């Protein structure tokens, strides 16, 4: 237990939430973020006006500065950071759903989250341990769907 996840309609709001988590003391080993690569979906770069994640929120934010582009079979290019990004590196069988399941997300919820990412939403996952309530509180400030994972 102690894991929290949130979905964000706007990837920029997910970036803001990640920055707030980092300011509250959560580390890049505790926070994961995944989203479609929006820069490839529009004529102009749309994610943070074409800059690297986090540049519009404050350069140097650890997790956002380390975000990388990955190609996931059946989904295409995504941006990912944190422990979930490491699980996705080289993912072939199970793709994003499998990585969510490895992280402790139930299979049905993992499929739902994959669809959320495919539709352009961002997902933030926090392995908060005993600080799960604090992580939930921070994520809720951004008005998004937030849930604690059980089991």
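Scanning segment 134-146 for residues that are in contact with a strand residue (DSSP E or B) (Cβ under 6 Å, 6 or more places away or on another chain) and either over 15 Å from residue 21 (Cβ atoms) or at pLDDT below 90 (or both) yields 144, 145, 146. Being assigned to a loop (DSSP other than H, G, I, E, B), more than 15 Å from residue 135 (Cα to Cα), at pLDDT below 90 and in contact with a strand residue (DSSP E or B) (Cβ under 7 Å, 6 or more places away or on another chain) is a property that residue 104 has.
Residue by residue, here is whether (1) outside any strand (DSSP E or B); (2) surrounded by 15 or more Cβ atoms within 10 Å (Cβ to Cβ); (3) modelled with pLDDT under 85 holds:
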| site | (1), (2), (3) |
| --- | --- |
| 97 | yes, yes, yes |
| 108 | yes, no, no |
| 123 | no, yes, no |
| 132 | yes, yes, no |
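Within the bounds of segment 43-63, is there any residue that is farther than 16 Å from residue 121 by Cβ, in a helix (DSSP H, G or I) and either touching a strand residue (DSSP E or B) at 6+ places or on another chain (Cβ under 7 Å) or modelled with pLDDT of 55 or more (or both)? Within segment 43-63, one or more residues are farther than 16 Å from residue 121 by Cβ, in a helix (DSSP H, G or I) and either touching a strand residue (DSSP E or B) at 6+ places or on another chain (Cβ under 7 Å) or modelled with pLDDT of 55 or more (or both).
The values are calculated or read from the model by the stated rules, or taken from the named source; none is laboratory data. None of the values given here were measured: they were computed from a predicted structure. Reconstructed Cβ throughout: ideal geometry from the backbone, glycine too, with neighbour counts over all protein chains shown.
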